[in-house]
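Participant: I'd like to ask you about the structure that follows.
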Amino acid sequence: MTQTATALPERMRVVEIASFGGPEGLKVAERPVVPPARGEVLIKVAAAGVNRPDVMQRLGKYPPPPGAPDIPGLEVSGEIVACGPDAGDWQIGDRVCALVAGGGYAEYCAAPAPQCLPVPDGVDLEDAAGLPENWFTVWTNMVDRGRMMRGEKVLVQGGASGIGTAAIQLAGLIGAEVFATAGTEEKCRFCEELGAKRGINYRSEDFVAAIKEATGDRGVDLVLDMVGGDYIPRELSILAPEGRLVLIAFLGGSKAEVDFLSLMVKRLTVTGSTLRPRDTAFKGAIAEALRRHVWPHFADGTVRPIIDSRFPFEEAPAAHA
């Protein structure tokens, strides 16, 4: 039986993709409020994160997976106002942030209960909307797939991005030594403030030479890459024996020419993943790992959300721009 705090409104405002293309294609509209299904909670949204997949969906290049709402938005924060049957231990009134497959750009958003996390102590409710997408992504790729361990050396490409800032902090939390690339000196210094041993300006430095110099030619154990393209063979060249290259996006293209002899000689692993299409059980397991190993450290200030800008609901096109 669905439990609700009060009678839910029949309609809500959403930001929908009225036409594919530029940010002006995002329009405020109205949709029905749908009660949560079995295993779901309904969140009164305080804020939604803005992520690159939202932009790709707006451009018409990243359709939502089957069954997901066509409304963009992959992460939200807010207060639970209704619980569907089998929604676990969540209660009406709980302050949560959640990873969703879509529907975040709305006043109300249904989320699978296992994909919700409590708003960490010391984190603003709105700021918490910027946690799930980045932290779920870096945990599953760096820890589960990349097998990152204490004492290892790690390179994070795009260290000043949302993913990058979470990745630097996660590496530091686990006890790895992390290097990060960024496009300006200011961003490089910011990466160092977050915990990177060195920020490498990819516009003025060759990251391959910089890593070899910084590690005495040994290289790194793990590379988290969102660029792809011609970065891939260069990244393989700086992996130490048993090193892992984890690919999560292809801003520079999804094709590369690689000499696989180096993989055999150094016993390297090349892997990657996408998170959005994975099932609730998979995402729920990540949520539980984050709750145990990461969430307590927001309270003590070891890690923190990195928020660049805030925009009112009506200014979603400006947020995308």
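Participant: Do you know which of the residues in the range 49-74 that are in contact (Cβ under 8 Å) with a residue 12 or more places away in the chain and among the aliphatic types (A, V, I, L, M) is farthest from ALA319 (Cα to Cα)? Talk me through it step by step, then tell me what you get.
Facilitator: Taking the range 49-74 and keeping what is in contact (Cβ under 8 Å) with a residue 12 or more places away in the chain, we get 49-55, 57-60, 64-65, 67-74.
Remaining after also requiring among the aliphatic types (A, V, I, L, M): 50, 55, 59, 68, 71, 74.
Working: VAL50: 7, VAL55: 10, LEU59: 15, ALA68: 22, ILE71: 16, LEU74: 15 Å.
Filtering the range 49-74 for residues that are in contact (Cβ under 8 Å) with a residue 12 or more places away in the chain and among the aliphatic types (A, V, I, L, M), the one farthest from ALA319 (Cα to Cα) comes out as ALA68.
Participant: Hey, another quick one. Tell me, yes or no, whether the range 256-269 has at least one residue that is among the small types (Gly, Ala, Ser), surrounded by 12 or more Cβ atoms within 10 Å (Cβ to Cβ) and modelled with pLDDT under 95.
Facilitator: Taking the range 256-269 and keeping what is among the small types (Gly, Ala, Ser), we get 256, 262.
Now drop any that are not surrounded by 12 or more Cβ atoms within 10 Å (Cβ to Cβ), which leaves 256, 262.
Retained after the next criterion (residues that are modelled with pLDDT under 95): 256, 262.
Among the residues of the range 256-269, at least one is among the small types (Gly, Ala, Ser), surrounded by 12 or more Cβ atoms within 10 Å (Cβ to Cβ) and modelled with pLDDT under 95, which makes the answer yes.
Participant: While we're on this one: Going through the range 6-27 one residue at a time, which ones are open to solvent by 70 Å² or more (accessible area, probe 1.4 Å), closer than 23 Å to CYS83 by Cα and either hydroxyl-bearing (Ser, Thr, Tyr) or in a loop (DSSP other than H, G, I, E, B) (or both)?
Facilitator: Listed by number, the residues that qualify are THR6, ALA7, GLU10.
Participant: Condition (residue is in contact (Cβ under 8 Å) with a residue 60 or more places away in the chain, touching a Gly at 6+ places or on another chain (Cβ under 9 Å) and within 16 Å of LEU275 (Cα to Cα)) applied to the range 142-152: is it met by at least one residue?
Facilitator: yes
Participant: Then there is this: Run LYS212 past the list (1) open to solvent by 30 Å² or more (accessible area, probe 1.4 Å); (2) farther than 16 Å from LEU155 by Cβ; (3) of a type outside the set (Ser, Thr, Tyr) and report the number of the one that doesn't hold.
Facilitator: For LYS212, the exception is condition (2).
Participant: Now for a different question. Could you check the range 204-302 for strands (runs of 3 or more DSSP E) lying wholly inside it with 3 or more residues that are closer than 18 Å to ASN134 by Cα?
Facilitator: Fully inside the range 204-302 and qualifying: 220-225.
Participant: Taking the range 59-88, which residues are open to solvent by 40 Å² or more (accessible area, probe 1.4 Å) and aliphatic (A, V, I, L, M)?
Facilitator: LEU59, the sole residue that qualifies.
Participant: In the range 37-46, is there at least one residue being of a type in the set (Gly, Ala, Ser) and either surrounded by 21 or more Cβ atoms within 10 Å (Cβ to Cβ) or modelled with pLDDT under 95 (or both)?
Facilitator: In the first step, residues of the range 37-46 are kept if they are of a type in the set (Gly, Ala, Ser); the result is 37, 39, 46.
Pick out the ones that are also either surrounded by 21 or more Cβ atoms within 10 Å (Cβ to Cβ) or modelled with pLDDT under 95 (or both) and you get none.
Among the residues of the range 37-46, not one is of a type in the set (Gly, Ala, Ser) and either surrounded by 21 or more Cβ atoms within 10 Å (Cβ to Cβ) or modelled with pLDDT under 95 (or both), which makes the answer no.
Participant: Check every one of the strands (runs of 3 or more DSSP E) wholly within the range 89-178 and list those with 1 or more residues that are under 29 Å from ASN201 (Cβ atoms) and open to solvent by less than 20 Å² (accessible area, probe 1.4 Å). Give the derivation first.
Facilitator: On the way: elements: 95-99, 108-112, 116-118, 153-156.
Once the strands (runs of 3 or more DSSP E) in the range 89-178 are filtered for at least 1 residues that are under 29 Å from ASN201 (Cβ atoms) and open to solvent by less than 20 Å² (accessible area, probe 1.4 Å), what remains is 153-156.
Participant: Considering only residues that are assigned to a strand (DSSP E or B) and within 16 Å of the chain's Cα centre (by Cα), which ones fall in the range 28-81? Break it down into steps so the answer makes sense when it comes.
Facilitator: The initial filter retains those residues of the range 28-81 that are assigned to a strand (DSSP E or B), namely 28-32, 40-48, 75-81.
Correct list: ALA47, ALA48, GLU75, VAL76, SER77.
Participant: Within the range 81-93, how many residues are within 14 Å of PRO114 (Cβ to Cβ) and touching a strand residue (DSSP E or B) at 6+ places or on another chain (Cβ under 7 Å)?
Facilitator: Of the residues in the range 81-93, 4 are within 14 Å of PRO114 (Cβ to Cβ) and touching a strand residue (DSSP E or B) at 6+ places or on another chain (Cβ under 7 Å).
Participant: Can you find a residue that is of a type outside the set (Val, Ile, Thr) and open to solvent by less than 20 Å² (accessible area, probe 1.4 Å) anywhere in the range 202-209? Spell out the reasoning first.
Facilitator: Narrowing the range 202-209 to residues of a type outside the set (Val, Ile, Thr): 202-207, 209.
Imposing the further condition that a residue be open to solvent by less than 20 Å² (accessible area, probe 1.4 Å) reduces the set to 207.
Yes, the range 202-209 contains a residue that is of a type outside the set (Val, Ile, Thr) and open to solvent by less than 20 Å² (accessible area, probe 1.4 Å).
The values are calculated or read from the model by the stated rules, or taken from the named source; none is laboratory data. Model, not experiment: these values are computed from the prediction. Heads up, the Cβs are rebuilt from the backbone with ideal geometry, glycines too, and the neighbour counts pull from every protein chain shown. Surface areas here come from the heavy atoms of the whole protein model, side chains and all, with no ligands, DNA or RNA. Shrake-Rupley method; radii C 1.70, N 1.55, O 1.52, S 1.80 Å.
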